[in-house]
1. Any chance you could run the full-extension gain for Asp94 through Ala52? It's 0.36 nm times the residue separation minus the Cα-Cα distance, nm to one decimal.
2. Using the Cβ atoms and a cut-off under 15 Å, what net charge is assigned to the surroundings of His57, where Lys and Arg are +1 and Asp and Glu are -1?
Amino acid sequence: MTIREVIVTFEGSGGFERFLACRFFCEAGARPGFLAESSPSDPIMPIFTSEAQLARHRGPVAWFSTTGADLLDLVPAGHRLVVDQSSDTPVVLDPGATRRGVRLERVGT
């Protein structure tokens with residue numbers, strides 16, 4: 001299941017459960033935890049649907065992977081998730097929108 005499939009089926013039956021089961025890739029820092037890109041107005045945490053997408057955005061870096069369910073539990077408060085930031089169709093997820101679902105926003109046109 002890819003994030004693109006999740007977007008297509010999210011509003012239908014079981015979409016949120018599919019998001020929870022998706023595997024995402026994140027850059028690993030020197031210490032355990034996520035690397036976030038923070039600005040006072042828009043704190044984000046970039047996540048990727050594959051090692052290739054991560055490398056496209058950051059180059060060759062250490063990484064780890066986790067599920068959507070774990071991401072929702074681990075994302076810093078107030079941060080939004082940006083999926084495949086360097087792709088043609090990045091997606092912004094706001095995990096604070098609700099505990100039973102996330103608001104999806106398409107970035108760009």
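1. Full extension from Asp94 to Ala52 adds 12.8 nm.
2. Neighbourhood net charge equals -3.
Each value in this text was obtained by applying a stated rule to the coordinates, not by laboratory testing. Treat the numbers as computed from the prediction; the structure is a model and nothing was measured. Every residue, glycine among them, receives a Cβ derived from its backbone with ideal geometry; neighbour counts consider all protein chains shown.
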